[in-house]
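Before any comments, here is the structure.
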Amino acid sequence: MTAVLKPTLARCLWVAPAFAALAILITVAARSIFGMTPVLQESTLLTVAYIAGGIGFIVGIGGFDYWFTWMRGGELDPNDHSQHGAHSWGDYFKFNTDHKVIGIQYIVFTFIMFLVGGMFAEVFRSELANPGQQVLTDQQYSGLISQHGVIMIFVFMVPVFAGIGNYVIPLMIGAADMAFPRLNAVSFWLLPVAAFTLLSSFMFGSFDGGWTGYPTLSEQSGYGMTLYQLGVQLAGASSIATAVNFLVTIIAMRAPGMTLFRMPLLVWANLATSALVVAATPFIAGAQFMAMFDREMGTHFFTIAGNGDTFVYQHIFWFYSHPAVYIMILPGFGIISEVIATHARKPVFGYRAVAFSSAGIAILGFAVWAHHMFASGMEPWLRVPIMLSTLLIAIPTGIKIFSWLGTMWGGVLRMTTANLFAIGFIFTFVIGGLSGVMLAVVPFDVSITNSYFIVAHFHYVLFGGSIMTIYAGFYHWFPKVTGRMYNEVLGRWHFWITFVAMNVTFFPMHYQGLVGMPRRVADYAPEFAWSNMVISLAAFILGASTLIFVYNMIHSARHGKRAGANPWGGLTLEWLLSSPPPIFNFPATPRVIGGPYRYGEEGAKHAIVPEVEPATVETTV
Amino acid sequence: MSAATNHSEPQIQPYRTGLRPEILGLIIFLVSEAALFGAFFMYYANLRVLNGIAWPGEFNVPAEATSINTLILVLSSFTCEFALLSLYKRKNGAVFAWLLATFILGAIFLGLQVEEYRIVGFTPKDESTGAIFFSLTGLHGAHVFIGLVLLLLGMIRALAGRWTPERHTGLLSISIYWHFVDIVWVILFTVVYCLPSS
Amino acid sequence: MLRVVRKRGYDAERGQFDSDLRARSKGVSEVKTIKVLPLALLGTAVGLVISLVLIFTRTLPVQASAEAAGIDNLYIFFLGFSGIIFGIVMLFLVVAVYRFRAHPNDEREGDNVHGITWLEVVWTVIPFVIVVLCAIGGLMVLRSGDVEAQARTSGQQIHVLGYQFGWKYSYLNQDIDLKDQQTLVLPVNEPVIFELESSDVIHSFWVPAWRMQMNATPGQVNETSTTPTKIGTFEIVCAYLCGVGHTNMNSALPGSIIPKVQVVSKSDFDAWVSKQKAEAAKVAESSSEEMTTGSAG
Ligand code: HEA
Ligand code: HEA
Ligand code: CUA
Ligand SMILES: [Cu+2]
């Protein structure tokens, strides 16, 4: 029975409940000592149990073993790599410090969450397919859309990019691992805790305030709302930890010769994103802390009763959540730069402009939060500067779009599935971006805000933007990660069905919004009946197209054609290693001798990896 | 679990900054801590400055009493720095002593802060001003508490003789964190206690 | 492996992209070029067609307020430039895919072009001009919609209280308090200023036909205004998620208890007002009678 003592999931099974039970005991004791009534306050005990259980889970999986030794004043062995690298399947379910293992853990876990969140969408789309209410009650409907939004954003979109970055970035900059491998593993293992917290709120009637969870509605909700506030903070803590890790890795661990302007654009994009995460995410933590205190401790941050100001929640929330949308697209931009340059066999057009525009978007992104509040009754003067800064964001984004077109122009486009998704991305993202620009203009926004026009906008940028980039990245690095090729025919089917179904699903929503269909409603006026039916049918097809992808990935990982080290002829560092890469990445420190995109130059190289005897490859996927 | 000895060892990377990665990471982390305080300061500014809402009841926060407390905390920043200086001079006993002094000063600060909670005359449940007063100072108090735990760990490792001028990143991190807690307090004290209350 | 490596794809002297790789690789001496400017113009034309299709197929609610026309014009302007930008991007995308597609076993490399400064300047400046135009348009419409000051002196001043789940209106300058869920009646062509408030959670008062929306937030009075220009009944939609009754807080739903807003002529409105006042007086009388008889609980 050593499994229950060693750091494994089995150990979590008893450590987490033990922590939760201990916390409940302490709380009950404290409450009775200080004479608080009722001693067995259910919601307080649950909250305490969730927090302690979450910590217990991390302890159980082994997240703190190393630090416990440090705290005891024990001797540490900096060369202890016993938790590094996957030698068998089982290692993917353990606390592992290898950035490649963690990357795969992230990607697989978050993608499952995507399927779960998408499943919720399918359920509420079936309610919306016909006018009247057939499938869901109002309460269930709100619960599902809120879960859909929160799962998609906090446990899929933000962390999946962390996963891709985790796998690729240390390879791209020629590092052996991330700067803080253990912290890296802890930030991954926080995610299942966050997901559990969010999803288990279904036991308490879910949370039903939308993904924004505005008070004072959030004060009326059942206990599920507290779990939303907790879950969001856990996911936030995870993404801050990863961002710190990325920043240090990128700043301090580049191989010799890798100057800032020789970094691949994905690295630039992650640099900008991580800076955003570090500076913005604490704001949502703050907002959720306050809202949670209101619910659980009876404070009056946002209640009308005690002079509270519901309005500040919106400011603090969007001060994070607008930058969050760029957290969800900037790494995607980075992926697109890699994919297009590699598959078009051409240097990225205007490398510096593309790199700086990421930084520009990140900085401007802090100055536009209130465009979500044009109709909220905020100070009227604030609308004008916010409108201007929001409009300005179109410029750096446009620079990127045009630069990608310039990259393709005069290239030799290999129409792989990865490249198809990159091209499809440009199509759909521009539509989403243009509707965003319309929304930035105050009078227009005020005339249709909170309608399906908004839903159309953000699915075009989230699905048509972020998800397309994620698929492009998955297909692009699949051979590197698994050592095998995916099936191109299935890939093409996946692309075309997704692309068409995506447009049919989300385009009509613009019209619905303009004509007056509000969002977050379980029923609608009869005039929207046929358009909603079309949307729902397309949404089902969209969901089904995901299954093609899942099948392709699982099947090809086992039976696909062997890929070789460099199937795309990429120049960046990760392609100079075997597929999958050796456990410690580079046999010897690589030397970077030129830019990352020197396509079309005879014999050009980005970097040289000195040959030591080939490292043994044991990674299984 | 199989040992990884048969694999080629990871290469030690040449760092491209003067800072050690641990310290760089800590500083970046502290930026995000500052942002967390920023969220609460944002709430505070809206409530007290923009809307000019007064503290609950007849009370005002005890600025004079707390200024002594502020001095104590500022002093502890110096003692913490002395611990590092002694380490560079390889005086291990002094390291422990200075850390202990820092710890005691910090503990006094925390104790006085709790005492202030008792005498301030309102509770977190009294209106939004009460909530923001207690959450700002409480959030800071929690940081002081974590700092105390870290100092304690620093002392344990000092006793075990683990700090040397060559390997002192942990101690340096503790001191940077402690300075951060101190700086936040000075800002908090200025904004919450000293700025004219309406 | 044969690789045709091209050093420049852009011919600076002719100011054109010189990009027919296939011709080069086959040793054809005459190089076909794709001219960028004509393509951009073609893209503009295609885009304009897209814009016009969108503009003429647009299905907006009736324009029932003075502001509606301005906002709809703004929308037409958006569709105009959006279509053009979209058209240009798509045309270049499609042409690039068509012209520069690699064939199976095609081992050639692309042009080694790292950027063209003037082009980058162009595609920074043109979007800048467009967004500045957007901002100017937005500000103009915002200004002209500013009838609040006027409304204070000459128009109706309505206090709207949102609650779970309905609206309650008071006419501040007429001294009329309507009952819960009673229909809002307004005179045509007279500015109205709304003071929105909520007694519980956030609601949003949206009249799509007026192109007007404003949140009703607890603990705060939000102001917005409009000038109805059409007689008739119009939908009132609560646009912000406000709990289990949010779906039904929409007068467009069959069976909703929310009444539509009613815009009537000035004379009808005056008649309505006196009727309301008479009723209110009657109610007040009867309630004061009750008070004196002591039957009130
Ligand atoms: C990945 C996520 C993502 C991205 C990238 C964006 C990008 C943008 N968004 Fe979006 N947005 C969301 C996710 C995102 N958004 C979400 C989730 C919401 C709803 C939240 C909720 O309420 O639930 C939202 C809501 C939202 C609103 C609030 C609407 C409302 O509630 O009333 C606004 C208003 O200004 C807005 C604007 C913009 C703008 C101007 C951009 C710009 O960054 C777009 C820039 C891109 C382009 C413009 C296209 C490419 C450019 C060119 C081809 C150059 C030429 C173009 C011009 C000259 C115009 N968004
Ligand atoms: C990354 C973000 C993201 C993504 C990818 C999606 C994807 C989808 N979204 Fe969602 N959506 C949001 C983010 C996202 N959404 C947000 C933030 C909101 C706002 C919430 C709020 O108002 O607060 C929202 C709201 C929202 C609404 C508005 C609800 C309302 O206001 O009433 C609608 C309506 O149609 C919708 C539909 C869809 C559909 C059809 C998909 C499809 O793309 C889904 C495709 C389906 C799948 C990918 C699942 C496939 C799964 C299977 C086939 C089975 C798998 C099996 C297992 C589970 C084991 N979404
Ligand atoms: Cu009231 Cu929605
Ligand atoms: Cu935004």
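The values are calculated or read from the model by the stated rules, or taken from the named source; none is laboratory data. All values derive from a computational prediction rather than experimental measurement. Counting neighbours? That spans all protein chains shown, and the Cβs are built from the backbone with ideal geometry, glycine included.
The table for this structure:
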quantity	calculated
Residue match in the stretch B:67-78 (condition: hydrophobic (A, V, I, L, M, F, W, C), over 16 Å from the mean Cα position of the chain (by Cα), crowded, with 16+ Cβ neighbours inside 10 Å and assigned to a helix (DSSP H, G or I))	no
Filter result (more than 21 Å from the chain's Cα centre (by Cα) and more than 14 Å from chain C (Cβ to nearest Cβ)) within the stretch A:350-372	A:Ala367
Selection within the stretch C:217-253 - out of contact with any Ser or Thr (no Cβ under 8 Å at 6 or more places or on another chain) and of a type in the set (Phe, Trp, Tyr)	C:Phe234
Spans of helices (runs of 4 or more DSSP H) in the stretch A:37-152 with at least 2 residues more than 16 Å from ligand 4 (Cβ to nearest atom) and among the polar types (S, T, N, Q)	A:42-61, A:99-128, A:138-150
Residues located in the stretch A:330-354, provided they are crowded, with 24+ Cβ neighbours inside 10 Å and among the aliphatic types (A, V, I, L, M)	A:Leu330, A:Ile335, A:Ile336, A:Val339, A:Ile340, A:Ala341, A:Ala344, A:Val348, A:Val354
Residue, farthest from A:Trp477 (Cα to Cα), within the stretch A:143-173, restricted to residues that are in contact with a Lys or Arg (Cβ under 7 Å, 6 or more places away or on another chain) and within 14 Å of another protein chain (Cβ to nearest Cβ)	A:Ile145
Residues of the stretch C:223-247 satisfying the condition of being away from ligand 1 (no atom under 16 Å from the Cβ), assigned to a loop (DSSP other than H, G, I, E, B) and out of contact with any helix residue (DSSP H, G or I) (no Cβ under 8 Å at 6 or more places or on another chain)	C:Ile231, C:Ile236
Count of residues meeting criterion [facing chain C (nearest Cβ under 7 Å) and more than 8 Å from ligand 1 (Cβ to nearest atom)] in the stretch A:389-398	1
Residue that is nearest to A:Met373 (Cα to Cα) [pool: residues in the stretch A:302-356 that are of a type in the set (S, T, N, Q) and within 16 Å of ligand 2 (Cβ to nearest atom)]	A:Gln314
Unmet criterion (only one of (1) within 14 Å of chain A (Cβ to nearest Cβ); (2) part of a loop (DSSP other than H, G, I, E, B)) for C:Ala209	(2)
Counted residues, the stretch A:189-239 - those being of a type in the set (Val, Ile, Thr), more than 19 Å from A:Ser43 (Cα to Cα) and surrounded by 24 or more Cβ atoms within 10 Å (Cβ to Cβ)	0
Residue in the stretch A:522-535 that is closer than 24 Å to A:Pro131 by Cβ, within 15 Å of ligand 1 (Cβ to nearest atom) and touching a helix residue (DSSP H, G or I) at 6+ places or on another chain (Cβ under 6 Å) present	no
Cβ pairs under 8 Å, 6+ apart, first in the stretch B:65-82 and over 16 Å from B:Val144 (Cβ atoms), second charged (D, E, K, R)	B:Ala65/B:Glu116
Pairs, first under 13 Å from B:Leu99 (Cα atoms) in the stretch B:164-180, second surrounded by fewer than 16 Cβ atoms within 10 Å (Cβ to Cβ) and of a type outside the set (Phe, Trp, Tyr), C-beta under 7 Å, six or more apart	B:Ser175/B:Glu81
Matching residues, the stretch A:199-224, being within 12 Å of chain C (Cβ to nearest Cβ) and not in a loop (DSSP other than H, G, I, E, B)	A:Leu217, A:Ser218, A:Glu219, A:Gln220
Those residues of the stretch C:177-191 which are at pLDDT 90 or above and in a strand (DSSP E or B), in sequence order	C:Val185, C:Leu186, C:Pro187
Extreme residue, farthest from the other protein chains (Cβ to nearest Cβ), among residues of the stretch A:291-304 that are out of contact with any Gly (no Cβ under 9 Å at 6 or more places or on another chain) and not acidic (Asp, Glu)	A:Arg295
Residue under evaluation A:Gly377, criteria (1) within 21 Å of A:Thr212 (Cβ to Cβ); (2) more than 7 Å from every other protein chain (Cβ to nearest Cβ), criterion not met	(2)
Matching residues, the stretch C:204-246, being within 16 Å of ligand 2 (Cβ to nearest atom), at pLDDT 90 or above and within 19 Å of A:Ile304 (Cα to Cα)	C:Ser204, C:Asn215, C:Tyr240, C:Leu241, C:Cys242
Check on A:Ser447, within 30 Å of C:Trp206 (Cβ to Cβ) and in contact with a strand residue (DSSP E or B) (Cβ under 7 Å, 6 or more places away or on another chain)	yes
Among the residues listed as A:Leu514, A:Leu577, A:Leu547, the single one being touching a helix residue (DSSP H, G or I) at 6+ places or on another chain (Cβ under 8 Å) and more than 14 Å from chain C (Cβ to nearest Cβ)	A:Leu577
Contacts under 9 angstrom Cβ, first residue in the stretch B:30-46 being under 21 Å from A:Asn245 (Cα atoms) and at pLDDT below 90, partner among the acidic types (Asp, Glu) and in a helix (DSSP H, G or I), 6 or more apart	none
The listed residue being surrounded by fewer than 20 Cβ atoms within 10 Å (Cβ to Cβ) and among the hydrophobic types (A, V, I, L, M, F, W, C), out of C:Leu42, C:Leu74	C:Leu42
Test set (1) of a type outside the set (A, V, I, L, M, F, W, C); (2) surrounded by fewer than 20 Cβ atoms within 10 Å (Cβ to Cβ); (3) outside any loop (DSSP other than H, G, I, E, B) - A:Pro256 fails condition number	(3)
Total residues in the stretch C:95-118, condition more than 7 Å from chain A (Cβ to nearest Cβ) and not in a loop (DSSP other than H, G, I, E, B)	5
So A:Val116, is it free of Cβ contacts under 8 Å to residues at least 40 places away in the same chain and either within 14 Å of chain C (Cβ to nearest Cβ) or away from ligand 1 (no atom under 16 Å from the Cβ) (or both)	no
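Yes/no matrix, rows are residues, columns are (1) within 24 Å of B:Ser32 (Cα to Cα); (2) surrounded by 22 or more Cβ atoms within 10 Å (Cβ to Cβ):
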{"site": "A:Pro282", "(1), (2)": "yes, yes"}
{"site": "A:Ala287", "(1), (2)": "yes, yes"}
{"site": "A:Phe293", "(1), (2)": "yes, no"}
{"site": "A:Glu296", "(1), (2)": "no, no"}
{"site": "A:His300", "(1), (2)": "no, yes"}
{"site": "A:Tyr313", "(1), (2)": "yes, yes"}
{"site": "A:Phe317", "(1), (2)": "yes, yes"}
{"site": "A:Tyr320", "(1), (2)": "yes, yes"}
{"site": "A:Ala324", "(1), (2)": "yes, yes"}
